[in-house]
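Everything on this sheet refers to the single structure shown next.
The values are calculated or read from the model by the stated rules, or taken from the named source; none is laboratory data. Because the structure is predicted, anything quoted here is derived from the model rather than measured. Heads up, the Cβs are rebuilt from the backbone with ideal geometry, glycines too, and the neighbour counts pull from every protein chain shown.
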Amino acid sequence: MRPTIAEERAHAIAGQLDDWELPAEEHRALGKQLATRWRRNSPFVAAAFFGLTVFAMFALVALCKSIGATEFAAAAIALGTGEYMIRRRRMYGSGIESALWIGGLLAFIAGLPSTGEAEALLVIAAAFALAAWRMQNAIFGTIGVVCTAVYFAAEWHRAHDFWRVAMVPLALALIAIVAKRWLFSRPWIDSFWSYVAIVMPLVAEICGRIVTYDANGHLEYALPYAILGVIALLAGLHLREHSLLIAAGVSFAIMAFELHDLVDTPLEWKLIGGGVVLLGLAALVARRLRGRTAGFVATPASLTRYDELLKLGGTMVAGQAMHGKPAEPEPAVTGTTGGSDSFGGAGATGDY
Amino acid sequence: MLSFEPELTDARDDGVLTPPTAARLIAMQRREIFTLFGEIRALAWIGAMLVAAGVSVLISNHIKDIGALTIAIVLAIAAAGCYAWAWMRRDRASLIDDSILLLGGMLVSADAGWIATQWHVDGGRTLLFLAIFHAVGAYRFESRALLSLSIGALAGWLGIERKLEILFSSNVDLAIRAFVCAAILAAWREIDRRARTATTFTPVFEHTAITLAFWGSLIFAANQETATVGVVFTLALGALSTVYAFRTNTEAFLLYAVIYGTLAVDMWVWRGFPGPTLSPFITLLTAIAAVIGLTMAHRRFRSRAA
């Protein structure tokens, strides 16, 4: 038992209603039309429920182990409760039942005898895949795919071959870009391919770096990211799909990271130059789109629901790094007298 | 790809959506209108952050090569350039102007820090100066990003770093500083709200102040001598936060109350009831209680909103 396609689509539309800037009357009427029998929460609330339930799962596993009931008992309790909530309480997307499902499966895996083999990653990937299917959760699905890519990296790490290890995640990213071409009726599957396209280039780079024990940039390593970035960019512009544009941004960022060693310019100038290029690019695109009302436009809209939160939070943290460390709290030291003789920021701090 | 065109067409045919609204939404679903607003703003923000990071590295790596005065002057000129850009374009602001202004603010921060260290100006005073300077900029340009810088500098002046590690610190002095900072922000928010009815700064003050206050009480709860006081503080703050959530219809405050409250109670439990069975049992009970409490509060919240 899980939401039908129509119900899942209704949930997805309901999640976007606030971004559509509808008149209050139409907003209310459409919201009413989209109501389903399932109890759901907004992503922010669902994340809070998910966190609290995961916390409870840890305690449950510890409790079961301490009374000799093993992790399997914890798994059975969690999965049983999760299913009860879905079938009887009609909870789907509340954050609780998904935490119980994935927590139960991981508790079950934790109870299995550990052999230290890389195949454990495949078992974890299967658990996430199963939870993704049951809960229609794109994030679980993506974690499953990441675990699969990491499994191949672990299997082949002795070869210390970047290409062999990066090939799997890069191929998956490419498949995801191609998959975005099709119209999906289930929103979670569309989101799944979006996340895979965004995350896999990063997985390829991290796995490749780890197995080669190499921190230096290579032109030949930058090339696949450049090609993938161009493909994602062209596909994103052609299909008019935000997730592919983000995937292109990730690929280009990794490409720039790979190239940074090859240019004999100090890091600070590379950072400043890169920043100026991005600012210039943003200004150019904004200028080209000014006043347009159809096709590509620049009318206000959120890329994610938490754009402003991310920006202000990031600014506050980065700002503190720029204007230095605060005074070390010591007894009887007032704020004004606390010295601050360390300055720097964004990874560069120094005492003068 | 995903398209909700069939559902929107049905909604139009059923009279739920008016034809103009439906036409606009269907055009969006067909990608006949596709906004790059988010991408442009993200590019500009990342660009500004990269430049600021580069300047930071520049200062660290070239102290001796360039000379203290030259660095100070160049940074001041660059910052002034950013502010001038934002000022001249205030009537026809584009999507990147906010990021240029933010870059200017960050360059001022870097410059002030540099001057303080090179000419032995008191670091605390520099942070206070930055808090005031960025606050003036925030009001002049109506910029929440500059306000964030100002609050960050104020917290720095009071000795608070916005790092997760401080949650697990048991330094009572740090907790008191967090409370003081929260109180200042609460007072500032009230003055701002009364002085400017159309202010957009209120959420920034509110969320930062409540977070700092909860962090302060959690630090109390982590300290052996003040653990009980810390739990009581956190629960009292949680109650206030819940009331405020219902009064203002802002669910985030409800979540803060439940999450921080659960954390504080569990920290107290772990200290007071050690043992392999009792500790996880009580933790499980508190977590279940938190989930049930939040479910009930959330349901009430939704029914009120409806």
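Quick check on my filter: what residues within the range B:84-114 are more than 10 Å from chain A (Cβ to nearest Cβ) and surrounded by fewer than 21 Cβ atoms within 10 Å (Cβ to Cβ)?
Matches in the range B:84-114: B:Ala84, B:Trp85, B:Trp87, B:Met88, B:Arg89, B:Arg90, B:Asp91, B:Ala93.
Close contacts from the range B:238-251, counting a first residue that is away from chain A (no Cβ under 14 Å) and a second that is in a helix (DSSP H, G or I), with Cβ to Cβ under 6 Å and a gap of 6+ residues or different chains, come to B:Tyr244/B:Phe253. The residues of the range A:156-173 that are of a type in the set (A, V, I, L, M), farther than 15 Å from A:Asp214 by Cα and either in a loop (DSSP other than H, G, I, E, B) or touching a helix residue (DSSP H, G or I) at 6+ places or on another chain (Cβ under 7 Å) (or both), listed by number, are A:Val168, A:Leu170, A:Leu172, A:Ala173.
Within the group A:Pro201, A:Pro224, which residue is at pLDDT below 95 and either crowded, with 19+ Cβ neighbours inside 10 Å or closer than 30 Å to A:Ile13 by Cα (or both)?
Working: A:Pro201 fails: at pLDDT below 95.
From the options A:Pro201, A:Pro224, the qualifying one is A:Pro224.
Just to be sure, is B:Ile77 of a type outside the set (D, E, K, R) and more than 9 Å from chain A (Cβ to nearest Cβ)? Write out each step before concluding.
Details: of a type outside the set (D, E, K, R): yes; more than 9 Å from chain A (Cβ to nearest Cβ): yes.
When the stated conditions are applied, B:Ile77 passes them.
I'd like to check something: does the range B:247-254 contain any residue that is part of a helix (DSSP H, G or I), aromatic (Phe, Trp, Tyr) and surrounded by fewer than 23 Cβ atoms within 10 Å (Cβ to Cβ)? Taking every residue of the range B:247-254 in turn, at least one turns out to be part of a helix (DSSP H, G or I), aromatic (Phe, Trp, Tyr) and surrounded by fewer than 23 Cβ atoms within 10 Å (Cβ to Cβ).
Residue check: B:Ala257 meets all listed conditions (1) under 30 Å from A:Leu63 (Cα atoms); (2) touching a residue at least 40 places away in the same chain (Cβ under 8 Å); (3) part of a helix (DSSP H, G or I) but one, namely (2). Restricting attention to the range A:45-67, the residues being exposed (fewer than 15 other Cβ atoms within 10 Å of the Cβ) and at the interface with chain B (Cβ under 7 Å from one of its Cβ atoms) number 1.
Residues in the range A:25-43 include none that are buried (at least 16 other Cβ atoms within 10 Å of the Cβ) and over 29 Å from B:Asp10 (Cβ atoms). Among the residues of the range B:192-217, those that are within 13 Å of chain A (Cβ to nearest Cβ) and not in a helix (DSSP H, G or I) comprise B:Thr200, B:Phe201. Scanning the range B:161-182 for residues that are at pLDDT below 85 and not charged (D, E, K, R) gives B:Leu164, B:Ile166, B:Leu167, B:Phe168, B:Ser169, B:Ser170, B:Asn171, B:Val172.
Listed by position, the helices (runs of 4 or more DSSP H) contained in the range B:18-74 that have at least 1 residues being under 30 Å from A:Leu183 (Cα atoms) are B:19-29, B:37-61.
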